[in-house]
Amino acid sequence: MNALEVVDLTLRAGSFAVQEVSFTVGEGEYFVLMGMTGSGKSLLLKAVCGLARIARGRVTLHRRDVTALEARFRNIGYVPQDGGLFPHLNVLHNVLFPLTVAGLKPVPARAAVEGIVACLGLEKLLARSVAYLSGGERQKVALARALARKPELLVLDEPVCALDEPTRRDTCRELRRVQKEFGVATVHVCHSRDEAALVSDRVGIMCEGRLVDIGTLEELATRSEHAAVQRLLNWN
């Protein structure tokens, strides 16, 4: 069963357009969307999440058509590039935020996220201000907040782009470990082959607003003749 189906999605932002993009993400799959800066990958993600208006096409989550739904009704856990943490809240209240907004009382909300907090090793950070977190810690908190609502789909928009190389690799391994543990279908945007290799089951390549190829990194290495794919993955 597919967790996500995107069919002929087309949208415009100014003079730039994402055109007729179709792909699926299977249940529990880690799908990486790669492309150079300006290729349309982040805009595509926003359309999937309901944060950008589409011109035509369809977005389906577990066979439920969400194309016309507002973002808050799609049950997608979205982590933007900067994590999007609330600076006036400590770690615990950032993690609990989607549950408290939904009306859950503090005690059951805290109980609901205990497993997530433990999985990400955040127990000792709960009272800390997010202003005093490292880059890797901020991403863990953002991930915990996204998982708190038990999303049908997890969407990560360049989640490690601001981290140094050792932290980036460690965080990617952590993302993959947590994704496997929770079994949530995930779409992860990046432009790094090494990053994709650490997390991906399959990879989709964006170029100039179009999805030009999909496969595992190994499949793309052996069969893709598209110049954008070869240039992005450094095979020529």
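The values are calculated or read from the model by the stated rules, or taken from the named source; none is laboratory data. Just so we're clear, the structure is a prediction, and the values are computed from it rather than from any experiment. Please note: Cβ atoms are built from the backbone with ideal geometry, for glycine as well, and neighbour counts cover all protein chains shown.
Scan segment 9-35 for residues that are outside any strand (DSSP E or B) and either of a type in the set (Ser, Thr, Tyr) or surrounded by fewer than 16 Cβ atoms within 10 Å (Cβ to Cβ) (or both) and report the count. Explain how you work it out, then say what you get.
Kept after step one, since they are outside any strand (DSSP E or B), are these residues of segment 9-35: 14-15, 27-29, 35.
Next, from what is left, pick out any that are either of a type in the set (Ser, Thr, Tyr) or surrounded by fewer than 16 Cβ atoms within 10 Å (Cβ to Cβ) (or both): 14-15, 27-28.
Summing the residues that are outside any strand (DSSP E or B) and either of a type in the set (Ser, Thr, Tyr) or surrounded by fewer than 16 Cβ atoms within 10 Å (Cβ to Cβ) (or both) in segment 9-35 gives 4.
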Subset of segment 101-130 [within 19 Å of GLY83 (Cα to Cα), within 23 Å of the chain's Cα centre (by Cα) and in a helix (DSSP H, G or I)]:
VAL101, ILE116, VAL117, CYS119, VAL130
Return yes or no: is GLU219 in a helix (DSSP H, G or I) and either touching a Cys at 6+ places or on another chain (Cβ under 9 Å) or among the hydrophobic types (A, V, I, L, M, F, W, C) (or both)?
no
Scanning for something under 17 Å from the mean Cα position of the chain (by Cα), assigned to a strand (DSSP E or B) and not small (Gly, Ala, Ser), does segment 67-77 turn up at least one residue?
yes
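So which of GLY215, GLY183 ends up being in contact with a Gly (Cβ under 7 Å, 6 or more places away or on another chain), over 21 Å from LEU43 (Cβ atoms) and either small (Gly, Ala, Ser) or surrounded by fewer than 19 Cβ atoms within 10 Å (Cβ to Cβ) (or both)?
Values: GLY215 fails: in contact with a Gly (Cβ under 7 Å, 6 or more places away or on another chain).
Result of the check over GLY215, GLY183: GLY183.
Each row is one residue, and each column tells you yes or no for (1) over 16 Å from ASN94 (Cα atoms); (2) touching a residue at least 24 places away in the same chain (Cβ under 8 Å).
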position: GLU123; (1), (2): no, no
position: LEU126; (1), (2): no, yes
position: TYR132; (1), (2): no, no
position: ARG138; (1), (2): no, yes
position: ALA144; (1), (2): no, yes
position: ALA148; (1), (2): no, yes
position: ASP157; (1), (2): yes, yes
position: CYS161; (1), (2): yes, yes
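Within segment 22-74, which residues are closer than 20 Å to GLU152 by Cβ and β-branched (Val, Ile, Thr)? Working first, answer last.
The initial filter retains those residues of segment 22-74 that are closer than 20 Å to GLU152 by Cβ, namely 22-33, 44-52, 54, 57-74.
Scanning segment 22-74 gives THR24, VAL25, VAL32, VAL48, ILE54, VAL59, THR60, VAL66, THR67.
Mind counting the residues in segment 126-151 that are in contact with a strand residue (DSSP E or B) (Cβ under 9 Å, 6 or more places away or on another chain) and on the phi < 0 side of the Ramachandran plot?
Step one: of segment 126-151, the residues in contact with a strand residue (DSSP E or B) (Cβ under 9 Å, 6 or more places away or on another chain) are 126-130, 139, 142-143, 145-151.
When the remaining residues are screened for being on the phi < 0 side of the Ramachandran plot, the result is 126-130, 139, 142-143, 145-149, 151.
So the count comes out to 14.
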Report whether or not GLY38 is of a type in the set (Gly, Ala, Ser), at pLDDT 95 or above and outside any strand (DSSP E or B).
no
Going through (1) out of contact with any Cys (no Cβ under 7 Å at 6 or more places or on another chain); (2) over 19 Å from GLN81 (Cβ atoms) one by one, GLN179 fails only at (2)
Right, LEU85: farther than 15 Å from ARG210 by Cβ, hydrophobic (A, V, I, L, M, F, W, C) and over 19 Å from the mean Cα position of the chain (by Cα) or not?
no
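Do we have any residue at all in segment 194-204 that's touching a helix residue (DSSP H, G or I) at 6+ places or on another chain (Cβ under 9 Å), within 18 Å of SER39 (Cα to Cα) and part of a helix (DSSP H, G or I)? Give the derivation first.
Taking segment 194-204 as the starting set, the residues that turn out to be touching a helix residue (DSSP H, G or I) at 6+ places or on another chain (Cβ under 9 Å) are 194-200, 202-204.
Of the ones still in play, those that are also within 18 Å of SER39 (Cα to Cα) are 195-196, 203-204.
Right, trim to part of a helix (DSSP H, G or I) and you get 195-196.
Checked segment 194-204: at least one residue is touching a helix residue (DSSP H, G or I) at 6+ places or on another chain (Cβ under 9 Å), within 18 Å of SER39 (Cα to Cα) and part of a helix (DSSP H, G or I).
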First in segment 182-198 and outside the structural domain of GLU219 (by TED's automatic domain parsing), second anywhere and part of a strand (DSSP E or B), Cβ under 9 Å, 6 or more apart
none
